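The values are calculated or read from the model by the stated rules, or taken from the named source; none is laboratory data. None of the values given here were measured: they were computed from a predicted structure. Using ideal geometry, Cβ is built from the backbone for each residue, glycine included, and neighbour counts are taken over all protein chains shown.
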Amino acid sequence: PTANIGVVGLAVMGSNLARNLASREGNTVAVFNRSYEKTETLVTEHPEAGFVPASTYEEFAAALQKPRTAIIMVKAGGPTDAVIDELMRVFEPGDIIIDGGNSLFTDTIRREKAVREAGFNFVGMGVSGGEEGALLGPSLMPGGPDEAWVTLGPILRSIAAVAEGEPCVTHVGHDGAGHFVKMVHNGIEYADMQLIAEAYDLIRRGTGKTPAEIADVFAEWNRGELESYLIEITAEVLRQNDAATGRPLVDVIVDEAGAKGTGAWTVQTALDLGVPVSGIAEATFARSLSSHREQRDVSGALPGPSDDAFTVPDADAFIEQVRLALYASKIVAYSQGFDEIRAGAAQYGWTIDLGAISRIWRGGCIIRAQFLNRIADAYAAEPELPVLLSAPYFVEALGRAQAAWRDIVQIAAGAGIPAPAFSSSLAYYDGLRAERLPAALIQGQRDFFGAHTYRRTDKPGTFHTLWSGDRTEIEAEDTH
Ligand code: NBP
């Protein structure tokens with residue numbers, strides 16, 4: 001056998017990852033795809049890669065040195081299970097099977113257990129950065145056993161993106177930890193994109209600037225604390241004119257946002273864990289709302305503010321307020337995402353270094369941003385931060401931004417411009433800030449209709465008021 005690593009599944013992600021692997025010193029890459037044409041095309045188009053093509057799973061196994069190490073890049077779900085079964089048939093105990101697809105972390109937990117019990121090593125690995133990342137350097141989030149990491153670590157370090165001299169890969173934790181972190185990465189991506197879209201909408205409607213002029217605003221923002229891949233590509237998209245009509249492309253694109261489901265997974269999982277990821281949830285719901293054309297057809301029938309023509313008096317000052325609101329809301333979205341990782345780790349027994357996660361997201365992936373250095377600093381200073389936004393740097397930034405943030409949410413509400421991610425992030429922030437929350441009233445209501453009991457601020461114990469009797473209070477058995 002001549003190959004030290006193999007790739008199964010040669011659609012766009014798999015071929016690019018295979019080419020990335022082959023371009024690194026010391027790697028010889030075996031490649032296999034269910035339909036052989038894709039294998040042939042890849043090998044023919046890239047003779048420089050020195051691929052070892054296989055037309056059957058048996059040939060693929062025979063091409064690999066032990067412990068055999070193979071990365072699966074096929075459609076998540078049934079296809080991934082099918083490939084794992086085939087690899088277990090032709091591999092031997094001790095070999096390493098890596099799933100680099102976008103698998104749901106609970107599937108990864110199930111697969112890891114089954115594959116381990118059969119004597120193999122299984123690694124569920126989040127891969128971020130799309131096609132280009134796979135080819136030039138992705139951010140990699142591998143989970144799985146320590147034993148596999150010994151063989152895999154050096155290979156993954158060699159192909160990952162590099163940020164500030166460090167490869168964007170870390171052994172995230174056991175079994176489903178890598179895919180869990182990748183899922184939350186995508187959830188944060190949804191929130192970040194929605195916040196940017198809200199900022200664009202407010203600026204466009206408030207100042208009347210053209211998309212190309214707003215592109216300049218984003219390009220300018222990209223030189224400051226908002227510097228990030230998403231801000232950078234936003235400028236590019238806004239600057240693009242449609243060749244057919246000569247209009248800004250953004251005005252020609254149908255305003256219904258698609259989704260492949262990872263945002264929804266992040267929110268569903270957060271609901272199960274009881275973690276308030278309101279920014280990610282609002283971003284996911286905003287995409288849903290946009291794609292319900294039949295419901296949006298009622299738009300003309302719904303009354304809005306009397307003064308629909310909304311113009312701000314000072315465009316530059318308004319744009320700066322929007323920038324601050326965006327930055328503050330972004331801090332909330334990331335803080336919520338890291339909160340979900342912290343809660344997931346506690347629930348599933350993973351040891352996850354949150355600072356390391358922020359560092360591996362600095363390169364290769366869609367949410368790569370300057371800002372992640374601040375998160376890394378925050379966790380370096382205090383690894384057990386209860387909530388990320390309470391780190392001194394973020395407290396200072398939120399303090400600087402909050403007045404503008406409140407103005408922007410008010411302006412948006414007054415003008416009838418939807419800003420669900422801006423406003424829910426502010427509500428979350430104010431919820432954390434509040435000394436007393438009306439949750440006390442909710443406890444009273446719950447006790448009234450369901451005898452769910454409440455705790456008192458002035459003494460220990462659990463209490464119930466006899467609402468349908470004489471309304472005296474009794475000490476109740478703690479039902480929890
Ligand atoms: P696709 O998700 O489109 O999957 C196509 C590949 O799956 C082909 O190689 C196909 O083989 C193979 N396949 C299928 Br479908 N059923 C199979 C089966 N039963 N047995 C063996 N192979 C089977 O490819 P992709 O867009 O390259 O993505 C690969 C993975 O990477 C996915 O899980 C995706 O979610 C994830 N991912 C994608 C991106 C991105 O930006 N696209 C980013 C990060 C992660 P065939 O050629 O014989 O049909």
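At-a-glance table
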read-out: Ala62 over 28 Å from the mean Cα position of the chain (by Cα), crowded, with 21+ Cβ neighbours inside 10 Å and over 22 Å from Leu140 (Cβ atoms); value: no
read-out: Residue pairs meeting the criteria (Cβ under 7 Å; at least 6 apart or on separate chains; first closer than 24 Å to Gly364 by Cα, in segment 208-233; second of a type outside the set (Lys, Arg) and in a loop (DSSP other than H, G, I, E, B)); value: Glu225/Gln370; Glu227/Gln370; Ser228/Gln370; Tyr229/Ile366; Leu230/Ile366; Leu230/Ile367; Ile231/Asn222; Glu232/Asn222
read-out: Ala421 in contact with a strand residue (DSSP E or B) (Cβ under 7 Å, 6 or more places away or on another chain), within 18 Å of Tyr200 (Cβ to Cβ), touching a residue at least 60 places away in the same chain (Cβ under 8 Å) and not charged (D, E, K, R); value: no
read-out: From Arg433, Arg446, residue being basic (Lys, Arg) and either surrounded by 12 or more Cβ atoms within 10 Å (Cβ to Cβ) or over 30 Å from Ala328 (Cα atoms) (or both); value: Arg446
read-out: The listed residue being in contact with a Ser or Thr (Cβ under 9 Å, 6 or more places away or on another chain) and not polar (S, T, N, Q), out of Arg433, Arg455; value: Arg455
read-out: Residue in segment 365-383 that is without any contact (Cβ under 8 Å) to a residue 12 or more places away in the chain and surrounded by fewer than 23 Cβ atoms within 10 Å (Cβ to Cβ) present; value: yes
read-out: Selected residue [within 16 Å of the ligand (Cβ to nearest atom) and part of a loop (DSSP other than H, G, I, E, B)] from Arg19, Arg24, Arg34; value: Arg34
read-out: Close pairs (8 angstrom Cβ cut-off, 6 or more residues apart or separate chains): on the phi > 0 side of the Ramachandran plot in segment 295-323, small (Gly, Ala, Ser) and surrounded by 10 or more Cβ atoms within 10 Å (Cβ to Cβ) anywhere; value: none
read-out: Answer residue from segment 121-164, given it is among the acidic types (Asp, Glu) and at negative phi and is surrounded by the most Cβ atoms within 10 Å (Cβ to Cβ) among those; value: Glu131
read-out: Segment 37-47, subset crowded, with 17+ Cβ neighbours inside 10 Å and not hydrophobic (A, V, I, L, M, F, W, C), residue nearest to the ligand (Cβ to nearest atom); value: Lys38
read-out: Any hit, segment 271-286, residues being over 21 Å from Ser423 (Cβ atoms), in a strand (DSSP E or B) and at pLDDT 95 or above; value: no
read-out: Residue satisfying all of: in segment 216-267; within 16 Å of the ligand (Cβ to nearest atom) and part of a helix (DSSP H, G or I); farthest from Asp316 (Cα to Cα) among these; value: Trp265
read-out: Ile84 vs. criteria in a strand (DSSP E or B), under 17 Å from Glu117 (Cα atoms) and within 15 Å of the ligand (Cβ to nearest atom); value: no
read-out: Spans of helices (runs of 4 or more DSSP H) in segment 97-215 with at least 3 residues hydroxyl-bearing (Ser, Thr, Tyr) and either at pLDDT below 95 or more than 13 Å from the ligand (Cβ to nearest atom) (or both); value: 177-207
read-out: Enumeration of residues in segment 35-47 that are touching a residue at least 24 places away in the same chain (Cβ under 8 Å) and either among the charged types (D, E, K, R) or under 12 Å from Gly9 (Cα atoms) (or both); value: Lys38, Thr39, Leu42
read-out: Ala264 vs. criteria under 26 Å from Gly129 (Cβ atoms), modelled with pLDDT of 95 or more and out of contact with any strand residue (DSSP E or B) (no Cβ under 9 Å at 6 or more places or on another chain); value: yes
read-out: Residue match in segment 61-76 (condition: assigned to a helix (DSSP H, G or I), more than 21 Å from Pro154 (Cα to Cα) and either near the ligand (Cβ under 8 Å from one of its atoms) or of a type in the set (Ser, Thr, Tyr) (or both)); value: no
read-out: Among the residues listed as Gly6, Gly14, the single one being at pLDDT 95 or above, near the ligand (Cβ under 8 Å from one of its atoms) and out of contact with any Gly (no Cβ under 6 Å at 6 or more places or on another chain); value: Gly14
read-out: Selected residue (only one of Glu117, Glu198, Glu213, Glu112 is more than 23 Å from Arg68 (Cα to Cα) and either surrounded by fewer than 19 Cβ atoms within 10 Å (Cβ to Cβ) or touching a His at 6+ places or on another chain (Cβ under 9 Å) (or both)); value: Glu213
